[in-house]
Amino acid sequence: MAIMGKWYIIGPLLAVGAASLWFAVRAWMEFASEIPLYGYFAIIGGVFFSLLIGGGLMALAFYSDRAGYDDAHGHNVKKD
């Protein structure tokens, strides 16, 4: 029964992923011929900096949690 419960989550996620991939490929085929060379550099730079900022913010969130900055006020117990 637990294995079937996993498929209630995995199935819809795979369906949404496949639908979004299909949409992305169709949109790319439709509009890719109109994108100039600097547009490709803008897309690559946007993806790179988005991943860089997202990764940096996640690292700061983990550091903040580990250092105890997220604890409630008055609880000065550090995590080991």
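The table below gives the values:
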{"item": "Enumeration of residues in segment 13-43 that are β-branched (Val, Ile, Thr) and at pLDDT below 95", "result": "25, 35, 43"}
{"item": "Residue list for segment 8-36, filter: surrounded by 10 or more Cβ atoms within 10 Å (Cβ to Cβ) and not in a helix (DSSP H, G or I)", "result": "35"}
{"item": "Condition check for residue 44: among the aliphatic types (A, V, I, L, M), on the phi < 0 side of the Ramachandran plot and loosely packed, with under 10 Cβ neighbours inside 10 Å", "result": "no"}
{"item": "Which numbered condition residue 74 misses (of (1) modelled with pLDDT under 85; (2) small (Gly, Ala, Ser); (3) open to solvent by less than 80 Å² (accessible area, probe 1.4 Å); (4) in a helix (DSSP H, G or I))", "result": "(4)"}
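The values are calculated or read from the model by the stated rules, or taken from the named source; none is laboratory data. Here the structure is a predicted model, which means the values were calculated and not measured. We place every Cβ from the backbone using ideal geometry, glycine too, and count neighbours over all the protein chains shown. Please note that ligands, DNA and RNA were not included when accessible areas were found on the heavy atoms of the full protein model with its side chains. Shrake-Rupley method; radii C 1.70, N 1.55, O 1.52, S 1.80 Å.
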